Amino acid sequence: MHKTFLLTFVQGPNYQAEKSFHDQPYWENHSRFSDKLFIQKKITMCGPLADASKTLVVALGKSESSMRNLFKDDPFIKNGVLTLTHVDEWELHLNPEFIEE
């Protein structure tokens, strides 16, 4: 069974503050990378905070190291647009996957 993790990313050295999140360099490649993880059900939610100071991702995996490894090839990470700062295991108590109808 996979665990749930909350990943926190902050603006990296190559983040261009004068541009919106979707206008950052490597956006198209990052978007394709994220979409692929979503389709594979490795991430369930993601996006920047309204002030773009952080980006949060809810991901499913086995360990902190597997989460770090999963995102090492993200074009935003590889090119310094974002930096992964925290990987926290999250014990969810209300999760739609576990609700019986």
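The values are calculated or read from the model by the stated rules, or taken from the named source; none is laboratory data. The structure displayed is predicted, hence computed values, not measured ones. Keep in mind that these areas ignore ligands, DNA and RNA; they rest on the heavy atoms of the full protein, side chains included. Shrake-Rupley method; radii C 1.70, N 1.55, O 1.52, S 1.80 Å.
Brief remarks on what is shown
- Derived scalar couplings between HN and Hα for the range 55-67 equal 10, 10, 9, 9, 10, 10, x, 9, 7, 4, 5, 5, 5 Hz in order, rounded to whole Hz, by the Karplus curve 6.51 cos²θ - 1.76 cosθ + 1.60 (θ = phi - 60°), x for Gly and Pro.
- Solvent-accessible area, 1.4 Å probe, carbon plus sulfur percent, for the chain: 54 percent
- Estimated purely from DSSP H runs of n ≥ 4, each contributing -39500 (n - 2.57), the mean residue ellipticity at 222 nm for the chain is -7000 deg cm²/dmol once divided by its residues.
- Rounded accessible area per residue of the chain, 1.4 Å, Å²: 68 Å²
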